[in-house]
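Here the structure is laid out as structure tokens; the discussion comes afterwards.
Nothing in this text is a laboratory measurement; each read-out follows from the coordinates by a stated rule. Everything numeric here is computed off the predicted structure, so don't read it as measured data. For neighbour counting, all protein chains shown are included, and Cβ atoms are generated from backbone atoms with ideal geometry for every residue, glycine included.
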Amino acid sequence: MPKSSHLIVSLALLVSPLLVQAAPDTHAAPHAAIPLPKLGKVLRIGDVALSPDGTRLAWVQEGKQPVIELADADGRHAQALDVGAKLAECSKGDLAWSPDSHRLAFIANCSHDLTNTEAMHTDVYLADVAGKAAPREVAKLAGYARALAWTANGRSLGFLYVPGATRHASATAAGKPQVGVIGEEPEEIQRVASLDVASGMLHTLTPASLYAYEFGWSPDGSHIAYTAAPPPGDNNWWVAKLYVQDAKEGAAPRTVVDPSTVSGSLHGLQMALPRWSPDGSRIAFIGGLMSDQGSTGGDLYTVSPAGGQPANLTPGIKVTPEWFAWAGKDALTVSQNAKGKVQLARYDIHGEQATAQAPFFTVPAMIGAGGAVLSVSLSADHQRVAFEQSSYEHAPEVHAGKLDGTPPPAVTSLNAGLKPAWGKAQSVEWKSEGRDVQGWLLYPANYDPHKTYPMIVSVHGGPAWGVLASWPGLGAMYSIEGYFLFMPNPRGSFGQGEDFVQANRKDFGYGDLRDVLAGVDAVEKMAPVDDRRLGLTGWSYGGFMSMFAPTQTQRFRAVVAGAGISDWQSYYGENQIDQWMIPYFGASLYDDPAAYAKSSALSFIKQAKTPTLIIVGDRDEECPAPQSFEFWHALKTLGVPAELVVYPNEGHHFENPEHNRDLEQRSLAWFAKYLSATK
């Protein structure tokens, strides 16, 4: 279940009058609203790409009119790429430099449909960065395309393609309305495709019987490796296999790794980021227990393209690799989560083992380059690196420089005038049942050590994810309004190796809640927190914890539960992604219902007394709205103060800015009512 960190079938028809009644009026302020704090206007950065020769840098500056900026590798002489009036307001991304560093490919998406019902159109463009001609349209695609990647000879561009798509290829996007004959509507299939750059001819490489998730070119461009599963794609990522095939239309795929049948540490788990070694002899990937597609973390594995038993290169490590690239025949450059901080390190491979060298750098920040958390852009020789970086202290900027043992500096000053309006941030570590646990604490703005303050505990989604220091959103508003904000990384989180990630299997809401409460105790020993004014919030898995925790403890005095899960048993039949649950619960609901009842808030609902605001999107496939209705109905029946707000045309991740502003305002108002920061 995603972090942020997605049935409604016939049940939706039964509750539709309630949906209309509960949907927010975004043109009027919510009841007891308080003004949203002013955070300052942040200029957001999209993709960042360093040219293979290490001399040029490109990045996307987001906004109403997104701009591709081109500059020297140190950020000097930056100027906007002239894309013409036609593309001015289109989103731009998937920046991909050609192997010779002379051309820059990108994808333009001119669709602006917040309802995810209209057909999408994405176009591939190619810019000659040395010339002054406008970028050339290589292909006009009736569908959704992403993840551009060149072949080494510079003749073809590969990408993931969903012909006829009406929504982004993600379970977090708003699902299609569940009406008519369910299960018989045509599936939208994501496939690996390639474009001949000279002619613009499109080739669909993978079969329509497989939904592809990620892919990589072989060094000579003759083959592709990819993770895939039979459709539906949103649901089956958790049971995907690794395939290899010729890079030709109609070629037969060959299974290389099937986690359901392999022995060892990968059995029953997930794979991500397949990448060929420079000599083509191995394919590396990240394998582990991952609760969400796109939230990658685990151990580093390699396998022969011919198949066989994959080798776990990093068993027992106490960090979480989340992204990597081959740095040579026997070396990887790895970006990893180390107890809530980001490290970039080199791993040297010796046979079937990899040894981490001293990190190039460690930063208390969030980094990314190509849409994936912790991804970076490297020159071909791995001597230079570039990425977008932000932290609690510094707004997003492009960072670039030599990979020489020190963090590369910022080479842009897009947000140089912005200063944090919230309090200081601090990494906190504590012990819980013999485990080391870490989290982040954001102090109230204008902090006075002689006062006591309320504190809001924010539990991240996943649960296989982790809080990293980044320029904050809603959490900053809590700090500005006079709250401490505590963001723990309990067992189940990335940052301390696979044993820690897997420590909450068959134990949702128990050990991880004890970790959270132990963290609250630790914070209260170091900061003036009023234990009588504790709040709890979270989204997705954090939404589940926000529903479950009040049935186990009366310590929290107010809750805001976003896209939560109140009953794992009914949830199993309502969501569109039930495959993720079996690795965590050990069996399906139909084989072991007691395992699901054990962690359901509704199993203990009469112990809940905490006033709760419940928020959800009406087309959430991952944590469907009926889960929120069940919890709201139970609280109202038991006389517990509760409010349910259902947002129209929203999935697990909200897209409509008005809806995001509304939920932020309602959340602040709810906590102000029950946890006044002025007492």
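Observations on the structure shown:
- In the chain, the calculated helix contribution to ellipticity at 222 nm averages -4500 deg cm²/dmol per residue, counting -39,500 (n - 2.57) for every DSSP H run with n ≥ 4.
- Spin-label model distance (nm) - residue 380 vs residue 607, 7 Å beyond Cα toward Cβ: 6.2 nm
- Two-decimal log10 I(q)/I(0) for region 245-296, as the Debye equation yields it once each C-alpha is a single scatterer, q = 0.20, 0.26, 0.31 Å⁻¹: -0.88, -1.10, -1.17
- Shown here is the pair-distance distribution of region 232-338: with all Cα-Cα distances grouped in 10 Å bins from zero up to the longest one, the shares run 15, 47, 34, 5, 0 percent.
- Across region 69-158, the convex hull enclosing all Cα atoms gives 112 Å³ per residue.
- Free-standing Cys, the chain [no other Cys Cβ under 4.7 Å]: 623
- In this label model, residue 429 and residue 526 are separated by 1.0 nm, measuring between points 7 Å along each Cα→Cβ vector.
- Dividing the Cα radius of gyration of region 253-401 by its Kirkwood radius returns 0.97 for Rg/Rh.
- Loop-located chymotrypsin sites (Phe, Trp or Tyr not before Pro) in region 419-508 (DSSP state other than H, G, I, E, B) with a sparse environment of at most 14 neighbouring Cβ atoms within 10 Å are absent.
- Rounded Å value of the spacing that divides the Cα centres of region 107-165 and region 599-619: 43 Å
- Two-site FRET efficiency, residue 591 against residue 199, from Cβ-Cβ distance with R₀ of 45 Å, rounded to 0.05: 0.25
- Using a simple spin-label model with pseudo-atoms 7 Å out from Cα toward Cβ, residue 53 and residue 263 lie 5.2 nm apart.
- Rg to Rh quotient for region 525-627, alpha carbon positions, Kirkwood Rh: 1.02
- Across every direction, the projection of the convex hull enclosing the Cα atoms of region 424-510 has a mean area of 6.3 nm².
- Averaging 1/r across all pairs of distinct Cα atoms in region 181-303 and inverting the result yields a Kirkwood radius of 15.1 Å.
- The share of Cα pairs per 20 Å bin across the chain, counted from zero up to the longest distance, runs 18, 55, 26, 1 percent.
- Two-decimal log10 I(q)/I(0) for region 428-581, as the Debye equation yields it once each C-alpha is a single scatterer, q = 0.09, 0.10, 0.11, 0.21 Å⁻¹: -0.28, -0.34, -0.41, -1.44
- In a DSSP loop and with at most 10 other Cβ atoms within 10 Å, the chymotrypsin sites (Phe, Trp or Tyr not before Pro) in region 580-679 are 590.
- Given 431/525; 451/525; 41/673; 341/598; 92/140; 86/132, the pairs whose alpha carbons are separated by over 25 Å: 41/673; 341/598
- Radius ratio Rg over Rh of region 103-218, counting only Cα atoms, Kirkwood formula for Rh: 1.01
- Taking N as the residue count of region 462-523, its C-alpha radius of gyration divided by 2.2 N^0.38 Å amounts to 1.24.
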